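Data first, discussion second: the structure below is written as structure tokens.
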Amino acid sequence: MKDYLPEDAQSTIAMGIMEQEFEGNVPTNRVMINDVTIQEALAFKENLEAIDGVSDVTWLDDAIDIKSPLEMADEEVVEAYYKDNKALFSFSIREGDEVAVTDNIYDLIGDDNAMAGESLNTATQQKMAGTESMYAAALLVPIIIIILVVSTTSWVEPVLFLTAIGVSVLINMGTNIFLGEVSFVTQSVAPILQLAVSLDYAIFLLHSFSDYRKKVADPQEAMQLAMGKSFSAIAASASTTFFGFIALSFMKFEIGSDLGINLVKGILLSFISVMVFLPVLTLLLYKWIDKTQHKPFVPEFKGVGKAVVKMRIPSLLLVLILVVPAFLAQSQTDFTYGIGEQPESTRAGSDIVKIKEQFGESTPMVLLVPKGDVAKEEELVQDLEETNHVTSVIAYVNTVSAVIPPEYLDPSITEQFYSEHYSRIILQTNTKTEGEVAFRLIEQIQKTAEQYYSDDVYLVGESVTLFDIKHTVEKDNKLVNMLTLITIAFVLFVTFKSISIPVVLIATIQSAVWINLSVPYFTDSSLVYVGYLLISIIQLAATVDYAILLTDAYKEYRQEMPALEAIKKTLDEKIFAIAISASILSSVGFILWMTSSNPIVGAIGLLLGRGALLAFVMVVFFLPAMLLVFDKWIRKTTWKAKFFKGK
């Protein structure tokens, strides 16, 4: 995740300096070996250091002189590394080789010992990203086929839908080669999300083609009319999603732009596929559509509009009661910012539990300070050792000696502590990798070091990265949400040529977003912030199509009949189409949630699944009530509305 931080983030700058100045990295991984003596632990340390890709192996002998009796040493320091004949080693793994190196370490430690850490989490996610995407697709495609079969009157039409969008998904995934690399979040989410969001375009076109086939004998003419009729609806639907995803590209935390660019490409390719490839494919196979007709599986939804209209006042009141606490609650949720820990059902997850049970929480950090003033460095180390939550400090001045000049010693001894310009101090802390306590400790260590060295101090480590991610994404949230609202409002303004309709539509979908994002607060559960940020854009961009579909039909019927009759007729005719779209998007979300071990992907999935259902309920119950209440205002603020004026 640190790869997606902006170049000016403090931890990115610090990491760059450390990579230039020192060969090693931050020891963010741990191995616990059971039933070992001090000598056996030292022998294991050598074996661990011998693995290609492992560096900065740190143990008790780096913190104290183990030639002296352990009883003479600081008990807290000793128990951070050696306790009940169990030894805990910290080390770093070469970036880019996480999978191979962690596999080699597992071979070394066997099944009886345990490993945990940032690199192991990365390796696990890399292994799971591809297989979980395939698993999700294997579950999702049959569900989508069933939904499409239910929604059509031909056995072949669902195949055409999936072929047209499937081709665009494959092309989109192929064009990622020009980007060089994509994140595992994008790999897991983008293809499935593209399929779910853009299936509507194919459904719009083929339903329109089916209607014109009943009026026109020539299939080519029917397709031309269908393309003309459905183009504006498909273009409006694609545009809101397109601009919503473009807003993601403005995130400074670049995982947003990584996902945003992929989805923008995907929407554009899906639009082209539906308007170019699908008409050709349909005209080649329309005879098969005719031959494979079947009776509708779902009866017409007559009378639904009448029932919904009767509930318009309770619907309005209920949403107005919920929306304010939902808005306040969604910003007060307990957020997490990293990938998080693996489930206990996995080897990585169970190993974390074993290590924590024995040694508690342990989060390493590296502090870089200017080299040269030994006395100042010694004072700083003493202050750090007395800092609450710091369990051990490893520096030249307290591990080797402050009185021995480094140049008198072999470089193999000093190079882990000193570079040309900086002194490196390794801290072990007993906090989690993130949270209020961990982030407050980072600020405290930074402040303590700055008292001695002003601003020329740098902190590196997983918790420092998460601290920077927190501040970056919180700033992104305001910018991206504002851009999304402005661009979608503009598309709606152009589509409906109205000032009021965009306000009504965005109020409907944004209320659904707030209610969705407030659920973790009321259920007292934490939420991955990146998932929160992405879904607040994705849900708005993807589900506003439901509101467009209903409002477009209402506006057309409103020219022929009074508002009450127009909304009843609209609901009777469009509720099924909206339900199909919502069920597909909701299925995608819940399947991502069920199949992914990645907390970010899982959070996006759960929020998307729940959000699609909430958007459907809001569009079916709340939006009609809003359209009726503001009917006069809509007529006055819509260009050439031509609303029916009779009774």
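The values are calculated or read from the model by the stated rules, or taken from the named source; none is laboratory data. Quick caveat, the model's predicted, so the values are computed rather than measured. Every residue, glycine as well, gets a Cβ built from its backbone with ideal geometry; the counts of neighbours run over all protein chains shown.
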**Q.** Filter result (among the hydroxyl-bearing types (Ser, Thr, Tyr) and without any contact (Cβ under 8 Å) to a residue 40 or more places away in the chain) within the range 527-557
**A.** Tyr557
(Q) The conditions are (1) over 16 Å from Ser350 (Cβ atoms); (2) of a type outside the set (Lys, Arg); (3) modelled with pLDDT of 85 or more, and Ala138 fails exactly one of them. Which is it? (A) (3)
Q: Could you run through the range 613-640 and say how many residues are touching a Lys or Arg at 6+ places or on another chain (Cβ under 6 Å) and crowded, with 19+ Cβ neighbours inside 10 Å?
A: 1
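If you check Ala238 against the conditions, is it part of a helix (DSSP H, G or I), over 36 Å from the mean Cα position of the chain (by Cα) and surrounded by 20 or more Cβ atoms within 10 Å (Cβ to Cβ)?
Numbers: part of a helix (DSSP H, G or I): yes; over 36 Å from the mean Cα position of the chain (by Cα): no; surrounded by 20 or more Cβ atoms within 10 Å (Cβ to Cβ): yes.
It is false that Ala238 is part of a helix (DSSP H, G or I), over 36 Å from the mean Cα position of the chain (by Cα) and surrounded by 20 or more Cβ atoms within 10 Å (Cβ to Cβ).
Please work out if Met251 is closer than 21 Å to Asp3 by Cβ, among the hydrophobic types (A, V, I, L, M, F, W, C) and out of contact with any strand residue (DSSP E or B) (no Cβ under 8 Å at 6 or more places or on another chain).
yes
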Q | Candidate set: the range 15-68, residues that are within 33 Å of the chain's Cα centre (by Cα) and of a type in the set (Asp, Glu); chosen: the one farthest from Asp107 (Cα to Cα) | A | Glu19
Q: Only residues that are among the aliphatic types (A, V, I, L, M) and either surrounded by fewer than 18 Cβ atoms within 10 Å (Cβ to Cβ) or without any contact (Cβ under 8 Å) to a residue 12 or more places away in the chain (or both): list them for the range 360-383, please.
A: Val374, Ala375
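Residue by residue through the range 256-275, note down the ones that are among the polar types (S, T, N, Q) and in contact (Cβ under 8 Å) with a residue 12 or more places away in the chain. Steps first, answer last, please.
We begin by selecting, within the range 256-275, every residue among the polar types (S, T, N, Q); these are 257, 262, 270, 273.
The answer is Asn262, Ser270, Ser273.
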Q. Only one residue in Asp200, Asp211 is crowded, with 22+ Cβ neighbours inside 10 Å, among the charged types (D, E, K, R) and at pLDDT below 85, so which one is that?
A. Asp200
Q) Within the range 448-479, which residues are in contact with a Ser or Thr (Cβ under 8 Å, 6 or more places away or on another chain), in a helix (DSSP H, G or I), surrounded by 23 or more Cβ atoms within 10 Å (Cβ to Cβ) and among the β-branched types (Val, Ile, Thr)? A) Val464, Thr465
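For Ile580, state whether it is farther than 25 Å from Leu322 by Cα, in a helix (DSSP H, G or I) and touching a strand residue (DSSP E or B) at 6+ places or on another chain (Cβ under 6 Å). Before you say what the answer is, go through the steps one by one.
Working: farther than 25 Å from Leu322 by Cα: yes; in a helix (DSSP H, G or I): yes; touching a strand residue (DSSP E or B) at 6+ places or on another chain (Cβ under 6 Å): no.
For Ile580, the condition - farther than 25 Å from Leu322 by Cα, in a helix (DSSP H, G or I) and touching a strand residue (DSSP E or B) at 6+ places or on another chain (Cβ under 6 Å) - is not met.
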Q | Residue list for the range 436-447, restricted to those being surrounded by 18 or more Cβ atoms within 10 Å (Cβ to Cβ) and either touching a residue at least 60 places away in the same chain (Cβ under 8 Å) or among the basic types (Lys, Arg) (or both) | A | Ala438, Ile442, Ile445
Q. Failed condition for Lys45, given (1) closer than 22 Å to Asp3 by Cβ; (2) among the basic types (Lys, Arg); (3) in contact (Cβ under 8 Å) with a residue 40 or more places away in the chain, with all others met?
A. (1)
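Residues to consider are Glu357, Glu420, Glu386; find the one that is touching a residue at least 12 places away in the same chain (Cβ under 8 Å), surrounded by fewer than 18 Cβ atoms within 10 Å (Cβ to Cβ), charged (D, E, K, R) and assigned by TED's automatic domain parsing to the domain that holds Ser90. Steps first, please.
On the way: Glu357 fails: touching a residue at least 12 places away in the same chain (Cβ under 8 Å); Glu386 fails: touching a residue at least 12 places away in the same chain (Cβ under 8 Å).
On inspection, the qualifying residue turns out to be Glu420.
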Q.
So, Leu492, is that one surrounded by 22 or more Cβ atoms within 10 Å (Cβ to Cβ) and either out of contact with any Gly (no Cβ under 7 Å at 6 or more places or on another chain) or among the acidic types (Asp, Glu) (or both) or not?
A. yes
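Mind listing whichever residues of the range 298-337 are outside any helix (DSSP H, G or I) and either of a type in the set (Ser, Thr, Tyr) or in contact with a strand residue (DSSP E or B) (Cβ under 8 Å, 6 or more places away or on another chain) (or both)?
Restricting attention to the range 298-337, the residues satisfying the condition of being outside any helix (DSSP H, G or I) are 298-303, 311, 331-337.
Those that are outside any helix (DSSP H, G or I) and either of a type in the set (Ser, Thr, Tyr) or in contact with a strand residue (DSSP E or B) (Cβ under 8 Å, 6 or more places away or on another chain) (or both): Ser331, Thr333, Asp334, Phe335, Thr336, Tyr337.
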Q.
With the requirement that a residue be touching a Lys or Arg at 6+ places or on another chain (Cβ under 8 Å) and within 22 Å of Leu441 (Cβ to Cβ), what does the range 396-430 give you?
A. Tyr422, Ser423
Q) Out of the residues in the range 247-273 that are modelled with pLDDT of 90 or more, buried (at least 19 other Cβ atoms within 10 Å of the Cβ) and among the hydrophobic types (A, V, I, L, M, F, W, C), which is farthest from Thr163 (Cα to Cα)? A) Ile261
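Matching residues to (1) within 23 Å of the chain's Cα centre (by Cα); (2) surrounded by 16 or more Cβ atoms within 10 Å (Cβ to Cβ); (3) closer than 27 Å to Tyr4 by Cβ:
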position	(1), (2), (3)
Ser90	no, yes, yes
Glu98	yes, yes, yes
Asp111	no, no, no
Thr124	yes, yes, yes
Q: Specify which of the listed residues (Lys252, Lys215) is among the charged types (D, E, K, R) and under 22 Å from Leu533 (Cα atoms).
A: Lys252
**Q.** Filter pass, Ser331 being of a type in the set (Gly, Ala, Ser) and within 22 Å of the chain's Cα centre (by Cα)
**A.** yes
Q: Output the residue which, of all residues in the range 141-177 that are under 22 Å from Val264 (Cα atoms) and surrounded by 20 or more Cβ atoms within 10 Å (Cβ to Cβ), is modelled with the lowest pLDDT.
A: Phe161
